[in-house]
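Remarks on the structure that follows.
The values are calculated or read from the model by the stated rules, or taken from the named source; none is laboratory data. From a predicted model like this one, the values you see are computed outputs, not experimental measurements. When we count neighbours, we look across all protein chains shown, and the Cβ atoms used for this are built from the backbone with ideal geometry, even at glycine.
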Amino acid sequence: MKKLFSLIIMIVIATCFSMNSFALDEEPPVPIDPEEPYSYTSEIRSNLSISGNTATCISTVIGFPGLVTSISITQYLQKRIGNSWTSIKTWSKTFSTTTASFVNTESGLGSGTYRVFTLAEVDSGSSYEFVTAYSTVRTI
């Protein structure tokens, strides 16, 4: 009986140690900060305001200081046609700074629903990433 009890204890201990070592071999999950999912970009914003028939489009990209060497922004003013979005005006500019704000206006808009889509290439000198943002939808 004593041998059986000792055998059971050894099996339990062996099982516990093997589970612990298995758990220790696993790498813990790496948390992802939902506020900063990018490598070089701290923030990207796309804004649209409409006054009368004139749209003001603002794209802002903030890179991490010390990492970013340039930011290229392409800004698309889009209009909803049916169930899809069509670009009606496009602007592009490259900035040799860590933070870039790009402002453009388009007048003569007809009635409809509009948004601004911002696509930015954020460059670190040795690598880059693309980041995107959409503005709030506005209707005339």
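Brief remarks follow.
- Selection within the stretch 124-139: residues that are free of Cβ contacts under 8 Å to residues at least 60 places away in the same chain and assigned to a strand (DSSP E or B). The member of this set that is farthest from SER72 (Cα to Cα) is THR139.
- Condition check for SER21: polar (S, T, N, Q) and at pLDDT below 95: yes
- Qualifying residue in the stretch 99-113 (condition: within 15 Å of the chain's Cα centre (by Cα) and surrounded by fewer than 13 Cβ atoms within 10 Å (Cβ to Cβ)): no
- Residue match in the stretch 66-73 (condition: assigned to a strand (DSSP E or B), farther than 13 Å from ASN104 by Cβ, touching a residue at least 24 places away in the same chain (Cβ under 8 Å) and of a type outside the set (A, V, I, L, M)): yes
- Filter pass, PHE117 being surrounded by fewer than 15 Cβ atoms within 10 Å (Cβ to Cβ), part of a strand (DSSP E or B) and not basic (Lys, Arg): no
- Matching residues in the stretch 68-85 - criterion: being surrounded by fewer than 17 Cβ atoms within 10 Å (Cβ to Cβ) and either more than 26 Å from THR41 (Cα to Cα) or not hydroxyl-bearing (Ser, Thr, Tyr) (or both): ARG80, ILE81, GLY82, ASN83, SER84
- When TYR134 is tested against the conditions (1) farther than 13 Å from ASN47 by Cβ; (2) surrounded by 14 or more Cβ atoms within 10 Å (Cβ to Cβ), the lone failure is (1).
- Selection from the stretch 46-65 of residues that are part of a loop (DSSP other than H, G, I, E, B) and over 17 Å from the mean Cα position of the chain (by Cα): GLY52, ASN53, PRO65
- Within the stretch 32-47, the set of residues being over 12 Å from THR132 (Cα atoms), touching a strand residue (DSSP E or B) at 6+ places or on another chain (Cβ under 8 Å) and modelled with pLDDT under 90 comprises GLU36 only.
- Sole exception among (1) without any contact (Cβ under 8 Å) to a residue 60 or more places away in the chain; (2) under 17 Å from ILE140 (Cα atoms); (3) buried (at least 17 other Cβ atoms within 10 Å of the Cβ) for CYS57, by number: (1)
- Selection status of LEU77, among the hydrophobic types (A, V, I, L, M, F, W, C) and out of contact with any Cys (no Cβ under 7 Å at 6 or more places or on another chain): no
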